[in-house]
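Below is one structure, written out as structure tokens, with a few remarks after it.
Each value in this text was obtained by applying a stated rule to the coordinates, not by laboratory testing. Please read these numbers as outputs of a predicted model, since none were measured by experiment. Neighbour counts are summed over all protein chains in view; Cβ atoms, including those assigned to glycine, are modelled from backbone coordinates with ideal geometry.
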């Protein structure tokens with residue numbers, strides 16, 4: 001495989017990284033690389049060790065791991081945000097790559113969720129008085 005082919009394959013891989021949540025088709029990715037569909041899949045596997053579909057789903061799962069650990073989204077919302085079309089395929093691929101379900105991963109990696117009412121109660125100032133008169137209050 002020549003250097004020029006690798007450059008074109010990287011262009012397609014970069015396109016997948018930038019648009020991982022979009023519904024990407026092999027034909028469109030092949031066009032980005034300037035290859036036919038079948039030649040693209042074959043050369044992508046040789047260059048990167050996995051098919052374009054496997055690479056894309058792995059990148060989506062990596063992004064989902066971050067969202068599950070840090071975002072206040074349901075597993076279904078994360079599934080859709082990262083570009084999977086069904087919760088079943090997302091959960092299956094997630095378990096294949098990570099070794100546990102998305103819900104298990106979330107419970108292992110994120111701190112417990114604190115209800116908003118508790119946060120507001122603890123964040124409210126206690127016993128604070130206004131030292132200065134507010135303009136226009138009539139006093």
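For the range 54-123, count all C-alpha to C-alpha pairs, find those more than 16 Å apart, and express that count as a whole percent of the total. That tail contains 46 percent of the Cα-Cα pairs. Computed across the range 1-49, the Kirkwood radius stands at 10.6 Å (inverse of mean 1/r, all Cα pairs). The angle separating the long axis of helix 37-48 from the principal Cα axis of greatest extent in the chain is about 70 degrees. Taking the longest Cα principal axis of the chain as reference, the axis of helix 52-70 is set at about 10 degrees. Across the range 62-127, Cα pairs under 8 Å and at least six residues apart give a relative contact order of 29 percent.
Per-residue packing, averaged as other Cβ atoms within 10 Å, sorts the ranges 2-11, 51-60, 87-96 into the order 51-60, 87-96, 2-11, beginning with the highest. Here the contact order of the range 1-136, divided by its residue count and restricted to Cα pairs under 8 Å and six or more residues apart, works out to 18 percent.
Kindly state, to the nearest 0.05, the FRET efficiency for residue 70 paired with residue 6, given R0 = 35 Å and r defined as their beta-carbon distance. The calculated FRET efficiency here is 0.55. Computing percent of Cα pairs over 20 Å apart for the structure here picks out one of (i) 60; (ii) 64; (iii) 41, namely (i).
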